[in-house]
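Undergrad: The structure under discussion is supplied below as structure tokens; questions concerning it will follow.
Please treat every number below as a calculation from the coordinates, not as lab data. Keep in mind that this is a model prediction, so the values were computed, not measured. Don't worry about glycine lacking a Cβ; one is built from the backbone with ideal geometry, like all the others, and counts go over all protein chains shown.
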Amino acid sequence: MQLFLDTTDVAVLKDLAATGLVDGVTTNPTLIAKSGRPMLEVIAEICDLVEGPVSAEVAATEVGGMLAEGKKLAAIAPNVVVKLPLTRDGLIATAEFAVHGIQTNVTLCFSAAQALLAAKAGATYISPFIGRLDDYGAVGMDLITEIRAIYDNYDFDTEILAASIRNPVHVTQAALAGADCATIPPNVFADLFKHPLTEKGLDQFMKDWAATGQSIL
Ligand code: E4P
């Protein structure tokens, strides 16, 4: 399973990328706004730091604008993935980008039927929003299971990118449900390393080791 970081914070990205565990990055207009920086500059900087896919989202809502913006974003670096909303126009643009070999991430997916359309349009990634469905009173993870079954039934190549991840349990459940990737906010990514029993066990080992008075080096 590939793990992406959902961030525009370059300092945080540098820190977590040093673990070698960050396979890619996703961004969205809200995260660009939070960065307070020009989008093209932030995306270029992220692409320099990460070899894997970096999703950059269009701001236009009609096909012509999406195509123009997407081409500009794709020209920033070879690892840019053009992110498009799951709308009629978004899927028309997705199909056009597929013809030209430009990678796409279709975002704001909230139903299996939407995911089916995205795959038929030739999306590289589909982003089902787990947390926002949970917030809405649904079981977000069920959507991953449904999309996995549909994509497997018809051998679609579109990768399932579990998005709107809120906690480490979401990551585990997405992996169990067969998501190809998960995009994770930095605080949740940092939490993935942790378990209280790991900390407790290490503390005891260190105390016992110190009592031996030995040194390995
Ligand atoms: C991913 O592509 C989205 O930008 C992100 O996962 C949305 O997460 P949120 O629902 O926490 O804003």
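Undergrad: Count charges around Tyr154 for me, please; just the other residues with Cβ under 14 Å from its Cβ, Lys/Arg as +1, Asp/Glu as -1. Kindly include the intermediate steps, with their values, before the conclusion.
TA: Values: positive: Lys120, Arg148; negative: Glu146, Asp152, Asp155, Asp157.
Around Tyr154, the charge tally is -2.
Undergrad: Would you mind calculating the gained length between Ala149 and Ala190 on full extension (0.36 nm times residue separation, minus the Cα-Cα distance), in nm to one decimal? Could the numbers behind the result be given before it?
TA: Numbers: separation 41, 0.36 × 41 = 14.76 nm, distance 3.04 nm.
Contour length minus the Cα-Cα distance gives 11.7 nm.
Undergrad: Picking from Thr94, Thr172, Thr27, which is most flexible by a Gaussian network model of the chain using Cα springs under 10 Å?
TA: Comparing Thr94, Thr172, Thr27 in a Gaussian network model of the chain, the most mobile one is Thr172.
Undergrad: Which one of Ala18, Pro38, Gln114 is farthest out on the positive end of the charge dipole of the chain, using unit charges on Cβ (Lys, Arg +1; Asp, Glu -1) and the Cα centre as origin?
TA: About the Cα centre, the residue reaching furthest to the positive side is Pro38.
Undergrad: To continue, here is another question. What FRET efficiency comes out for Leu202 versus Thr30 if R0 is 30 angstrom and r is the Cβ-Cβ distance? Round to the nearest 0.05.
TA: Numbers: r = 37 Å, r/R0 = 1.24.
Calculated value: 0.20.
Undergrad: Which one of Leu40, Leu133, Leu202 has the biggest mean-square fluctuation once the chain is modelled by GNM with Cα springs under 10 Å?
TA: Leu202
Undergrad: If you find the alpha carbon centre of the stretch 1-78 and of the stretch 120-183, how far apart are they in angstrom?
TA: So the two Cα centres are separated by 20 Å.
Undergrad: For the stretch 28-151, what is the relative contact order in percent, using Cα pairs closer than 8 Å and at least 6 residues apart in sequence? Display every interim value, and only then the final one.
TA: Numbers: 181 pairs, mean separation 21.0, N = 124.
Once normalised by length, the contact order is 17 percent.
Undergrad: Suppose we keep just the DSSP beta bridges with both residues in the chain; what percent of those would be antiparallel, to 5?
TA: Numbers: 0 of 25 bridges.
Antiparallel bridges: around 0 percent, rounded to the nearest 5.
Undergrad: What does the charge add up to near Val58, with Lys and Arg as +1, Asp and Glu as -1, over the other residues with Cβ less than 13 Å from its Cβ?
TA: Details: positive: Lys71, Lys72, Lys83; negative: Glu57, Glu62, Glu69, Asp89, Glu96.
Summing Lys and Arg as +1 and Asp and Glu as -1 gives -2.
Undergrad: So how much slack lies between Ala210 and Met1, counting 0.36 nm per residue of separation and subtracting their Cα-Cα distance, in nm? It would help to have the intermediate numbers written out before the result.
TA: Numbers: separation 209, 0.36 × 209 = 75.24 nm, distance 3.83 nm.
Result: 71.4 nm gained on full extension.
Undergrad: Which whole-number percentage describes the relative contact order of the chain, with Cα contacts under 8 Å and a sequence gap of 6 or more? Intermediate values should be presented prior to the final figure.
TA: Values: 375 pairs, mean separation 36.7, N = 217.
Answer for the chain is 17 percent.
Undergrad: What dipole magnitude, in Debye to the nearest 20, does the chain give about its Cα centre under +1 on Lys/Arg Cβ and -1 on Asp/Glu Cβ? List each step's numbers first, then the result.
TA: Details: 14 positive and 26 negative charges, 50 e Å.
Using only the charged Cβ atoms, the result is roughly 240 debye.
Undergrad: Over 27 Å between Cα atoms: which of Lys83/Lys194; Lys14/Lys34; Lys14/Lys83; Lys14/Lys194 fall into that group?
TA: Details: Lys83/Lys194 31 Å; Lys14/Lys34 17 Å; Lys14/Lys83 22 Å; Lys14/Lys194 20 Å.
Pairs exceeding 27 Å: Lys83/Lys194.
Undergrad: Please check which bits of the stretch 19-33 a label hung off Lys72 would reach, taking the label as a point 7 Å along Cα-to-C-beta and the cut-off as backbone N under 17 Å.
TA: Backbone N within reach: 28-30, 32-33.
Undergrad: Same structure again: Is the shape of the stretch 1-150 best called rounded, prolate or oblate, per the rule: a/c under 1.5 gives rounded, else a/b larger than b/c gives prolate, else oblate, with a ≥ b ≥ c the square roots of the Cα gyration tensor eigenvalues? Don't skip to the end; give the middle numbers.
TA: Working: a/c = 1.66, a/b = 1.18, b/c = 1.40.
Oblate, since a/c reaches 1.5 and b/c is not below a/b.
Undergrad: Just add up the charged neighbours of Phe189: K/R +1, D/E -1, any other residue whose Cβ is under 14 Å from the Cβ of Phe189.
TA: My count for the surroundings of Phe189 gives -2.
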